[in-house]
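What follows is calculated from the coordinates using simple rules that are stated; it is not laboratory data. Being a predicted model, the structure only gives us computed values, none of them experimental. All Cβ positions, glycine included, derive from the backbone under ideal geometry; neighbour counts span all protein chains shown.
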Amino acid sequence: METSIIQIGNSKGLRLSKTILEKYNIKDKVELILEKGHIILKPIDEPRKNWEEAFKEMHLEGDDVLLLNDVFEDEDLDEWN
């Protein structure tokens, strides 16, 4: 299939037809893969796929600790009441 590159503001882009968007379930984002002289567009349909498994693994390895305290030392919580 041949398609044209179009001007979008100061950039250029590729316009995908409604048929292609629906057929490949493309919503808001695609993964752009550069491979051996080819550009591959891959639909991102589950942006949080496998997060649950990753969080469980982090917990088992003890890598799920907070990087910052919940409350800063100089934070005045009374102002929120």
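Here the gap between residue 26 and residue 39, fully extended at 0.36 nm per residue and compared with their Cα-Cα distance, gives a gain of 3.1 nm. The charge dipole of the stretch 5-67, taken about the Cα centre with unit charges on the Cβ atoms of Lys, Arg (+1) and Asp, Glu (-1), comes to about 740 debye, rounded to the nearest 20. Going by alpha carbons, how many degrees (0 to 90, nearest 10) lie between the helix axis of 51-60 and the longest principal axis of the chain? Result, in degrees: 40.
Remark: 60, 68, 21 ranked as 68, 60, 21, counting other beta-carbon atoms within 10 Å and listing the fewest first. Once divided by 2.2 N^0.38 Å, the Cα radius of gyration of the chain becomes 1.88.
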